[in-house]
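Working notes, beginning with the structure itself.
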Amino acid sequence: MTQVILGQVLNGIIVGTLYGIIALGVTLTFGITGIVNFALGQFMMIGAYAAWHLTDVAHLPYPLSVALAVLIAGLAGFLSDRALFQFTRNHLVNGLLVSIGLISVIESGALLLFTATPKNMDFVLSGSWTLGAITISRMKVVTFAVLLAVIALTWLALANTWLGRATRAYAQNPEAAMLMGVKTEMLQVGVSVYSCALAGIGGALYAGIYSLEPSMGALFILKGVEAAILAGVGNLAGALVGGIILGITESIGALFLPTAFRDAYGLVFLVAILLFRPSGLFGGQK
Amino acid sequence: MFLKVEELSKRFGGLVAVSAVSLDIEEGEIVGILGPNGSGKTTLLNLLAGLLAPSSGTILWQGRDISGTKPDLIAALGIVKTFQNPQLFAELSVLEHVMIAGHLALKRLLGFARSKTIFAPKPARQELEARAERVLRLCRLSEEAHRPAAALSYGEEKMLGVAMAMMCEPKLLLLDEPASGLGQAEIVNLGAVLRDLREHGTTLCVIDHKVAFLAEFAHRLIALQNGSKIADGTAQEVLGNQSVITAYLGRQHAGA
Amino acid sequence: MSAVWLLVPLYMVPLVSHNEVLLTILIFTYILGILAIGFNIVFGYAGQLTMFHGAAFGIGGYATFLILTKLGISFWLAMLPMFVVILLLSMIVGWVCFKFRLREFYFAVVTLAFAELIRLVVLNWNDVTNGTLGLLVLDKPTIWWPGRGVVKIDGTVPWYLLTLTALGAVTIVSQLIVRSWIGRNFAAIRLNEELAQTLGINTFRYKMLAFTISNLFAALAGALFGFYSNYIEPAQLSITQSLDAIAMVLLGGMGSILGPVVGAFLLTGLPHIIEFSAELRAATYGAILILVILLMPRGVVGLFSRWRHVS
């Protein structure tokens with residue numbers, strides 16, 4: 001029994017890392033541009049479909065596809081920032097509504113291009129590792145490692161590079177940062193694009209494990225927002241942990257309680273946390 | 001017993017904004033609060049009005065402990081505060097502001113029966129408008145009644161804040177720097193309004209930097225520095241107090 | 001001027017036109033207009049962005065039908081317990097959102113979470129709700145008509161008159177509320193909540209009121225929708241349903257009582273003018289939402305007049 005639970009926990013951790021990378025995007029966007037971009041899930045979907053198409057249809061090596069997918073997601077992010085989000089800076093409600101409109105547009109686009117039929121990528125990395133009675137596919141472990149690395153690098157960059165410190169300074173005190181010469185508009189565009197790129201790499205790796213549907217975007221943004229709120233919106237370090245906690249909650253919940261309500265367990269947990277610790281488990285900013 | 005504050009403190013993380021302040025305010029008094037910037041005056045008023053919850057200490061209002069009570073309940077109990085930087089309802093006209101402020105008055109006038117006014121809004125509305133007009137006249141805002149509040153001058157916006165507070169028929173009115181940013185004529189008008197309030201029996205607690213203005217009609221002055229009370233007494237006593245002079249004016253002794 | 005008078009001429013339409021398509025579009029316009037007016041009250045007037053109305057819409061349909069079938073009572077009587085259910089749900093969800101001083105973004109998320117939870121329950125409670133398959137509704141509301149006794153409301157023209165009347169009633173109620181001290185308080189909360197509190201307004205109570213009203217209207221619309229289209233399904237509870245209503249309100253304009261109805265008309269009528277595949281329709285809704293936010297924040301009605309929120 002313990003093996004089963006452990007297996008579920010591990011699965012939860014891996015899915016949670018995917019939630020975490022979206023949560024990181026959500027938190028970064030909120031801290032720097034003052035809005036929550038509900039369309040981040042769509043950029044994850046863009047990354048996923050791009051990776052699939054480049055690998056299975058254009059027959060490029062998978063790592064190259066991933067890199068290109070991230071670029072594509074980032075470019076899409078740049079376009080939407082210039083066309084839309086630059087007009088909704090710090091206006092939460094408008095940003096929310098515009099991003100919701102964007103979801104419909106992008107998801108419809110994906111439906112038209114790829115149809116609703118799930119797409120499965122041919123195995124990139126087959127085989128699995130076993131630890132006692134637990135089996136984990138290699139691809140899942142690699143995904144986990146890569147996402148962890150990306151998130152860790154992001155933290156390090158935020159802590160140690162000039163750009164990173166400027167970002168954190170701006171999140172704490174926009175006026176002071178401006179006075180110190182931080183080019184705020186560029187910073188905002190940069191963070192906006194980076195969040196989409198993060199979502200893109202999540203999607204590209206997701207494509208190697210799970211099957212793709214245009215509706216995946218909506219699912220993941222909800223989870224990403226949940227994870228960000230769980231940790232505390234604005235808390236960059238907490239985003240990953242929030243994602244993992246959410247992933248584990250869902251997996252364990254689905255183990256002992258009806259699987260159909262899998263998504264609900266995370267939601268209930270979230271509402272409970274919000275009631276008792278409104279600033280999230282780890283406390284957020286703003 | 002009117003207002004009794006005991007050992008009131010407010011901490012924001014590591015910063016102590018208000019430190020163990022105790023004071024009493026008697027009914028009908030006019031109390032002035034002075035102190036340099038950052039001495040905790042506005043925080044103190046925010047605590048009294050319920051906009052902030054105290055970290056420790058108690059606030060007793062007419063015998064009742066109101067520490068940590070929500071601002072709307074405190075307003076209903078009779079304590080109303082104005083804002084240092086005028087707070088407005090963007091888009092709405094001056095009259096609409098005062099009408100909204102008439103909510104408490106409407107409640108007291110009609111109680112539950114005010115639900116009937118949904119179907120017959122006219123009589124109650126007229127009553128409220130009559131009160132609104134009187135308040136606006138007092139505050140010299142009658143001409144601006146239908147202008148959008150955003151189009152008012154800074155001084156007029158502040159007077160609108162006072163007008164709204166007056167509509168709430170407060171027993172204790174907390175004024176946060178009502179005179180700052182006002183021109184000479186406006187200050188004279190403000191003085192007239194405050195005197196009218198005093199005649200009406202409203203107790204006033206006023207923060208201001210214009211010490212002369214405060215000393216002119218306050219019964220008592222309280223001086224704060226770094227969140228603590230350093231003096232409490234008549235204008236003469238407080239203004240002659242050495243620590244007050246040092247805190248406010250530096251080392252030089254100067255006239256008020 | 002009472003906005004209701006604008007609706008009176010619409011009673012003449014069936015006399016003038018026998019175009020089934022036009023009448024059907026108008027019926028859906030009136031039904032969804034009720035939903036949109038409700039959302040306008042909580043968002044346009046009171047300033048609270050909530051995502052629960054879609055769930056209320058769906059529950060309106062499901063609850064009314066289930067109560068009707070299980071208890072064997074009429075459509076109208078079945079709506080009463082349904083309203084009680086909506087009232088209780090609004091109080092629970094509203095209490096969670098507003099009591100805990102959650103900031104604006106969090107209401108949207110928490111109400112969305114609750115709405116999703118309800119949708120999942122409905123989707124999986126197969127014994128009662130028939131899950132994804134939905135429920136076939138063959139019952140119809142009945143009304144007593146002088147000279148003919150009890151008549152079933154069946155067919156386009158009777159439904160047209162019913163839904164128009166329902167819209168009229170909702171419009172009258174909305175206007176009474178918005179023009180009263182309640183509407184003034186909603187505006188105060190929307191524009192400067194802290195100031196409103198210092199003036200003695202119990203913002204929690206009024207936010208709850210606005211939220212509850214919005215859900216009650218949504219539920220009424222949902223009941224009418226289900227019984228008109230003969231079908232009740234989980235999709236009527238989805239986030240998409242909430243988003244459609246939001247799009248209608250934004251498109252029509254938040255500053256007036258009937259603006260949302262204009263938005264409902266435009267979004268209901270559009271697919272009939274241009275033949276769209278389902279995907280393109282969704283994309284167009286999204287594009288419209290974006291365009292309205294960025295270019296026409298006052299909506300279509302706002303382009304023509306400067307109506308204000310508080311009378």
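The values are calculated or read from the model by the stated rules, or taken from the named source; none is laboratory data. The model shown is predicted, which means the values in this text are computed figures rather than measured ones. Cβ atoms come from the backbone with ideal geometry, glycine included; neighbour counts cover every protein chain shown.
Taking the conditions exactly as written (within 14 Å of chain C (Cβ to nearest Cβ) and surrounded by fewer than 20 Cβ atoms within 10 Å (Cβ to Cβ)), does B:Lys171 satisfy them or not? Lay out the reasoning, then the answer.
Values: within 14 Å of chain C (Cβ to nearest Cβ): yes; surrounded by fewer than 20 Cβ atoms within 10 Å (Cβ to Cβ): yes.
Yes: the conditions hold for B:Lys171.
What are the residues in the range B:97-124 that are touching a residue at least 12 places away in the same chain (Cβ under 8 Å) and more than 16 Å from C:Gln197 (Cα to Cα), if any?
B:Arg108, B:Leu109, B:Leu110, B:Ala124
When the residues of the range A:55-93 are narrowed to those that are without any contact (Cβ under 8 Å) to a residue 24 or more places away in the chain and either under 30 Å from C:Met254 (Cα atoms) or in contact with a strand residue (DSSP E or B) (Cβ under 6 Å, 6 or more places away or on another chain) (or both), which ends up surrounded by the most Cβ atoms within 10 Å (Cβ to Cβ)?
In this case the residue turns out to be A:Leu84.
Within the bounds of the range A:237-252, is there any residue that is over 15 Å from A:Ile22 (Cβ atoms), at pLDDT 85 or above and more than 19 Å from the chain's Cα centre (by Cα)? Walk me through how you get there before you give the answer.
In the first step, residues of the range A:237-252 are kept if they are over 15 Å from A:Ile22 (Cβ atoms); the result is A:237, A:248-249, A:251-252.
Next, from what is left, pick out any that are at pLDDT 85 or above: A:248-249, A:251-252.
Next, only the ones that are more than 19 Å from the chain's Cα centre (by Cα) stay: A:252.
Yes, there is a match, as at least one residue in the range A:237-252 is over 15 Å from A:Ile22 (Cβ atoms), at pLDDT 85 or above and more than 19 Å from the chain's Cα centre (by Cα).
Test each condition in (1) in contact with a helix residue (DSSP H, G or I) (Cβ under 8 Å, 6 or more places away or on another chain); (2) part of a helix (DSSP H, G or I) for B:Glu91 and report the one that comes out false.
Result: B:Glu91 fails condition (2) only.
Could you pull out the residue among B:Ile66, B:Ile100, B:Ile74 that is crowded, with 23+ Cβ neighbours inside 10 Å and either acidic (Asp, Glu) or outside the structural domain of B:Ile118 (by TED's automatic domain parsing) (or both)? Spell out the reasoning first.
Values: B:Ile66 fails: crowded, with 23+ Cβ neighbours inside 10 Å; B:Ile100 fails: either acidic (Asp, Glu) or outside the structural domain of B:Ile118 (by TED's automatic domain parsing) (or both).
Only one candidate qualifies: B:Ile74.
Test B:Thr43 against the criterion of being assigned to a helix (DSSP H, G or I) and either surrounded by fewer than 17 Cβ atoms within 10 Å (Cβ to Cβ) or outside the structural domain of B:Arg108 (by TED's automatic domain parsing) (or both), and give yes or no. Steps first, please.
Details: assigned to a helix (DSSP H, G or I): yes; either surrounded by fewer than 17 Cβ atoms within 10 Å (Cβ to Cβ) or outside the structural domain of B:Arg108 (by TED's automatic domain parsing) (or both): yes.
Taking the combined requirement at face value, the residue satisfies it.
Could you tell me how many of the residues in the range B:184-234 are aliphatic (A, V, I, L, M) and farther than 16 Å from B:Asp24 by Cα?
Qualifying residue count, the range B:184-234: 12.
Taking C:Ile189 as the residue in question, decide whether it is closer than 29 Å to C:Val122 by Cβ and among the aliphatic types (A, V, I, L, M). Outline the logic, then answer.
Values: closer than 29 Å to C:Val122 by Cβ: no; among the aliphatic types (A, V, I, L, M): yes.
Against the criterion (closer than 29 Å to C:Val122 by Cβ and among the aliphatic types (A, V, I, L, M)), C:Ile189 does not qualify.
Filtering the range A:127-138 down to residues that are more than 10 Å from A:Ile14 (Cβ to Cβ) and aliphatic (A, V, I, L, M), which residue is surrounded by the most Cβ atoms within 10 Å (Cβ to Cβ)?
Of the range A:127-138, the ones more than 10 Å from A:Ile14 (Cβ to Cβ) are A:127-135, A:138.
Of the ones still in play, those that are also aliphatic (A, V, I, L, M) are A:131, A:133-134.
Values: A:Leu131: 11, A:Ala133: 10, A:Ile134: 16.
Checking each candidate, the answer is A:Ile134.
Criterion first (within 13 Å of chain C (Cβ to nearest Cβ) and part of a strand (DSSP E or B)) does B:Val80 satisfy it?
Against the criterion (within 13 Å of chain C (Cβ to nearest Cβ) and part of a strand (DSSP E or B)), B:Val80 qualifies.
Starting from residues that are among the small types (Gly, Ala, Ser) and at pLDDT 90 or above, keep the ones in the range B:154-172 and report whichever is farthest from B:Arg198 (Cα to Cα). Break it down stepwise before answering.
Keep residues of the range B:154-172 that are among the small types (Gly, Ala, Ser), which gives B:155, B:161, B:163, B:165.
Retained after the next criterion (residues that are at pLDDT 90 or above): B:161, B:163, B:165.
Details: B:Gly161: 17, B:Ala163: 15, B:Ala165: 14 Å.
The residue in question is B:Gly161.
Being part of a helix (DSSP H, G or I), within 9 Å of chain C (Cβ to nearest Cβ), of a type outside the set (Phe, Trp, Tyr) and within 23 Å of A:Ser195 (Cβ to Cβ) narrows it down to one of A:Leu270, A:Leu275, A:Leu246, A:Leu240, so name that one.
On the way: A:Leu275 fails: within 23 Å of A:Ser195 (Cβ to Cβ); A:Leu246 fails: within 9 Å of chain C (Cβ to nearest Cβ); A:Leu240 fails: within 9 Å of chain C (Cβ to nearest Cβ).
Exactly one residue qualifies, and that residue is A:Leu270.
Taking the range A:113-152 only, how many residues are of a type outside the set (S, T, N, Q) and touching a Lys or Arg at 6+ places or on another chain (Cβ under 7 Å)?
Of the residues in that region, 3 qualify.
Would you mind stating whether A:Gly31 is at pLDDT below 90, within 19 Å of the chain's Cα centre (by Cα) and buried (at least 22 other Cβ atoms within 10 Å of the Cβ)?
no
Could you say which residue among C:Val84, C:Val96 is among the β-branched types (Val, Ile, Thr), surrounded by 15 or more Cβ atoms within 10 Å (Cβ to Cβ), free of Cβ contacts under 8 Å to residues at least 40 places away in the same chain and part of a helix (DSSP H, G or I)? Write out each step before concluding.
Numbers: C:Val84 fails: surrounded by 15 or more Cβ atoms within 10 Å (Cβ to Cβ).
Only one candidate passes the filter, namely C:Val96.
So which residues in the range C:150-193 are without any contact (Cβ under 8 Å) to a residue 12 or more places away in the chain and facing chain B (nearest Cβ under 7 Å), if there are any at all?
C:Leu176, C:Ser180, C:Trp181, C:Asn192
So how many residues does the range A:207-240 have that are surrounded by 19 or more Cβ atoms within 10 Å (Cβ to Cβ) and farther than 28 Å from A:Trp52 by Cα?
Qualifying residue count for the region: 9.
Test of understanding: among B:Glu199, B:Glu129, which residue is outside any loop (DSSP other than H, G, I, E, B) and within 19 Å of C:Arg184 (Cα to Cα)?
On the way: B:Glu199 fails: within 19 Å of C:Arg184 (Cα to Cα).
Going through B:Glu199, B:Glu129 in turn, just one is outside any loop (DSSP other than H, G, I, E, B) and within 19 Å of C:Arg184 (Cα to Cα): B:Glu129.
Has the range A:137-152 got at least one residue that is aromatic (Phe, Trp, Tyr) and in contact with a helix residue (DSSP H, G or I) (Cβ under 6 Å, 6 or more places away or on another chain)?
Of the residues in the range A:137-152, the ones aromatic (Phe, Trp, Tyr) are A:144.
Filter once more, keeping what is in contact with a helix residue (DSSP H, G or I) (Cβ under 6 Å, 6 or more places away or on another chain): A:144.
Yes; the residues of the range A:137-152 include at least one that is aromatic (Phe, Trp, Tyr) and in contact with a helix residue (DSSP H, G or I) (Cβ under 6 Å, 6 or more places away or on another chain).
Could we say that A:Met139 is at pLDDT 85 or above and of a type in the set (A, V, I, L, M) here? Write out each step before concluding.
Working: at pLDDT 85 or above: no; of a type in the set (A, V, I, L, M): yes.
The answer is no for A:Met139.
Mind telling me which of the residues A:Ser108, A:Ser128 ends up being touching a strand residue (DSSP E or B) at 6+ places or on another chain (Cβ under 6 Å), at pLDDT below 90 and among the small types (Gly, Ala, Ser)?
On the way: A:Ser108 fails: touching a strand residue (DSSP E or B) at 6+ places or on another chain (Cβ under 6 Å).
After applying the criteria, what remains is A:Ser128.
List the number of the failed condition for B:Ser56; all other conditions in (1) buried (at least 18 other Cβ atoms within 10 Å of the Cβ); (2) more than 10 Å from every other protein chain (Cβ to nearest Cβ) hold.
(1)
Considering (1) of a type in the set (S, T, N, Q); (2) more than 21 Å from C:Ile92 (Cβ to Cβ); (3) within 14 Å of chain B (Cβ to nearest Cβ); (4) in contact (Cβ under 8 Å) with a residue 12 or more places away in the chain, say which one C:Thr203 fails and leave the rest.
Checking C:Thr203 against (1) of a type in the set (S, T, N, Q); (2) more than 21 Å from C:Ile92 (Cβ to Cβ); (3) within 14 Å of chain B (Cβ to nearest Cβ); (4) in contact (Cβ under 8 Å) with a residue 12 or more places away in the chain, the one that fails is (2).
Take the range C:140-187 and flag every residue that is surrounded by fewer than 17 Cβ atoms within 10 Å (Cβ to Cβ) and either part of a loop (DSSP other than H, G, I, E, B) or touching a His at 6+ places or on another chain (Cβ under 8 Å) (or both).
C:Pro146, C:Gly147, C:Arg148, C:Asp154, C:Gly155
Scan the range B:140-151 and tell me whether some residue there is in a helix (DSSP H, G or I), more than 19 Å from the chain's Cα centre (by Cα) and more than 18 Å from B:Pro86 (Cα to Cα). Spell out how you get there, then give the answer.
First, pick out the residues of the range B:140-151 that are in a helix (DSSP H, G or I): B:142-144, B:149-151.
Those left that are additionally more than 19 Å from the chain's Cα centre (by Cα): B:142-144, B:149-151.
Those left that are additionally more than 18 Å from B:Pro86 (Cα to Cα): B:142-143.
So far as the range B:140-151 goes, yes, one or more of its residues are in a helix (DSSP H, G or I), more than 19 Å from the chain's Cα centre (by Cα) and more than 18 Å from B:Pro86 (Cα to Cα).
For the range A:181-236, give me the residue count where each residue is among the β-branched types (Val, Ile, Thr) and within 14 Å of chain C (Cβ to nearest Cβ). Spell out the reasoning first.
Taking the range A:181-236 first, the residues among the β-branched types (Val, Ile, Thr) are A:182, A:184, A:189, A:191, A:193, A:201, A:209, A:221, A:225, A:229, A:233.
Pick out the ones that are also within 14 Å of chain C (Cβ to nearest Cβ) and you get A:221, A:225, A:229, A:233.
Here the count works out to 4.
Here is a list of conditions, (1) of a type in the set (A, V, I, L, M); (2) surrounded by fewer than 21 Cβ atoms within 10 Å (Cβ to Cβ); (3) farther than 15 Å from C:Ala219 by Cα, and C:Leu77 meets all of them except one; can you say which number that is?
Only one criterion is unmet by C:Leu77, namely (3).
Residues C:Leu250, C:Leu270, C:Leu237: which one is surrounded by 22 or more Cβ atoms within 10 Å (Cβ to Cβ), more than 8 Å from every other protein chain (Cβ to nearest Cβ) and over 30 Å from B:Glu169 (Cβ atoms)? Give the steps one after another, and end with the answer.
Values: C:Leu250 fails: more than 8 Å from every other protein chain (Cβ to nearest Cβ); C:Leu270 fails: surrounded by 22 or more Cβ atoms within 10 Å (Cβ to Cβ).
When all the criteria are applied, what remains is C:Leu237.
Filter the range A:155-176 down to residues that are β-branched (Val, Ile, Thr) and closer than 15 Å to A:Gly31 by Cα, then give me how many there are. Steps first, please.
Step one: of the range A:155-176, the residues β-branched (Val, Ile, Thr) are A:161, A:167.
From the residues that got through so far, the ones that are closer than 15 Å to A:Gly31 by Cα too are A:167.
Count: 1.
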